[in-house]
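Reviewing the structure listed below.
Each reported figure results from applying straightforward, stated rules to the coordinates on display, with no laboratory input. Predicted model, so just to flag it, every value in this text is computed and none were measured. Because the Cβ atoms are built from the backbone with ideal geometry, glycine has one as well, and the counts that use them run over all protein chains shown.
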Amino acid sequence: MYWRTLAGFMPVFLLTGAIPNSSGAEFSSSVDPSEGWKVTSGSKDVALYSRARAGSRMKEFRAIGSIDAPTYAVHAVIDDFEDYARFMPYTVECRLLKREADSIITYQRLSPKICEDRDYTLRVRKKSWPGPEGFTYLNQWEPANNLGPAEKKGIVRVKICDGSWLLEPDGAIKTRATYSIYTDTGGMIPAFIANRASGIGISKLFEAVRKQARNPKYTARQL
């Protein structure tokens, strides 16, 4: 069940406004209770929030966590799609299918072991903008199954998967990471089980990114 949070790319800071990006658009990272957000769980590592989606049995989740690595290094981990099978939980396949002017297309397959595999193709849009402490990075994704492999027998195709990573510098050697996800893994998984499992899955995701960000090859990627 944890796979529902692992949309492959895996954003929330306690902000009440919006964050400008390089295109002049806005990205909301609010967890304002008046907008339906509620604290689901919290620890010194990750604070998790959720809210209902009108007409959906699935909840939308946002998580805030601190990572002990420079923002550019964390972004390099998130961008290392083709190596996801080595360090991302439940990921057994991840392929970069196409690079476009403003986005990339990637295919991923997850294997939770306790049920059928899930797969999906995503379009990921990336933006960044400078600030006083360094660059902020935003990766946003949405389904693009029509651009990827056809459905396969024995693998459940995920058709709803919208999310983002927002990475902000917290000084020179730390990152405030915001992970947002709204997805439905399909199949016969009861909603209350999938929603409950999300907290555990997001924690595992942050653990994986934290561990990977310690690898020197990512700190060497600063431009």
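Some points to look at:
- Each of VAL92, VAL124 has some number of other Cβ atoms within 10 Å of its Cβ, and from fewest to most they run VAL92, VAL124.
- Counting neighbouring Cβ atoms within 10 Å and putting the fewest first, the residues CYS161, CYS94, CYS115 line up as CYS115, CYS94, CYS161.
- Rounded to the nearest whole Hz, the Karplus-based 3J(HN,Hα) values (6.51 cos²θ - 1.76 cosθ + 1.60, θ = phi - 60°) of region 70-82 follow the sequence x, 4, 4, 5, 5, 5, 5, 5, 4, 7, 7, 4, 5, with x at glycine and proline.
- Put in line by how crowded their Cβ is, counting other Cβ atoms within 10 Å and starting with the fewest, ARG123, ARG95 read ARG95, ARG123.
- Net charge over other residues, Cβ less than 14 angstrom from the Cβ of ALA52 (K, R count +1; D, E count -1): +3
- Net charge contributed by nearby residues that have their C-beta within less than 12 Å of VAL39 (K/R +1, D/E -1): +3
- Other residues whose C-beta falls under 10 angstrom from the C-beta of ASP68 contribute a net charge of +2, scoring Lys and Arg +1 and Asp and Glu -1.
- Label sites at ASP83 and LYS127, each approximated as a point 7 angstrom past Cα along Cα to Cβ, lie 2.8 nm apart.
- Rounded to the nearest 20, the Cβ-based charge dipole of region 112-186 about its Cα centre (Lys and Arg +1, Asp and Glu -1) stands at 200 debye.
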